[in-house]
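Every number here is computed from the coordinates shown, using simple stated rules; none is lab data. It should be emphasised that the depicted structure is a prediction, and the values quoted were computed from it without experimental measurement. Here the Cβ is made from the backbone with ideal geometry for all residues, glycine too, and neighbour counts use every protein chain on show.
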Amino acid sequence: MQKKREELPRRMERQKLRRKFDRTHADGNGNGTADAREGKDLAHKKALDKGGSNKNGYSVQSPSKNRSFKRDGKSNLISETSKRERKRK
């Protein structure tokens, strides 16, 4: 599936952040991924689609915390109700 044209720069920002993080943090097992990032996501403080960039900062989060909707073990969408909406009920 071909992505929209505006998605390319955001994907490049995400990749730049991952590469920078891997260069600046320890890699004890030598697999090319920083130990602090293994099994985790790098979440931008201000979302890229809301005008954020790598300069706005980032945090290391679990994948389930960084995803928009609840998913099963195979990453298939389970519910289109966000965590914030579920808490309101």
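The angle separating the long axis of helix 7-24 from the principal Cα axis of greatest extent in the chain is about 50 degrees. Once you reduce the stretch 46-62 and the stretch 63-78 to the center of their Cα atoms, the two points are 19 Å from each other. Exposure proxy shown here: for His44, His25, the number of other Cβ atoms within 10 Å sets the order, fewest to most, as His25, His44. Check cross-link reach from Lys20 to the aspartates and glutamates: straight Cα distance under 19 Å, and skip same-chain residues fewer than eight apart. Here the aspartates and glutamates satisfying the reach criterion relative to Lys20 are Asp35, Glu38, Asp41.
Summarising the amide proton neighbourhood of Lys46: residues at separation of 5 or more, or on other chains, whose placed amide H is nearer than 5 Å comprise Ser53.
When the C-alpha to C-alpha distance is required to be over 20 Å, the pairs from Lys45/Lys74; Lys40/Lys65; Lys3/Lys40; Lys4/Lys74 that qualify are Lys45/Lys74; Lys3/Lys40; Lys4/Lys74.
Taking the Cα centre of the stretch 7-88 as reference, the dipole from Cβ charges on Lys and Arg (+1) and Asp and Glu (-1) amounts to some 420 debye.
Modelled spin labels at Met12 and His25, positioned 7 Å past Cα toward Cβ, are 2.4 nm from each other. Whole-Hz Karplus values for the stretch 60-71 come out as 8, 10, 5, x, 5, 6, 8, 7, 7, 10, 5, 10 Hz, taken residue by residue from phi with 6.51 cos²θ - 1.76 cosθ + 1.60 and θ = phi - 60°; glycine and proline positions read x.
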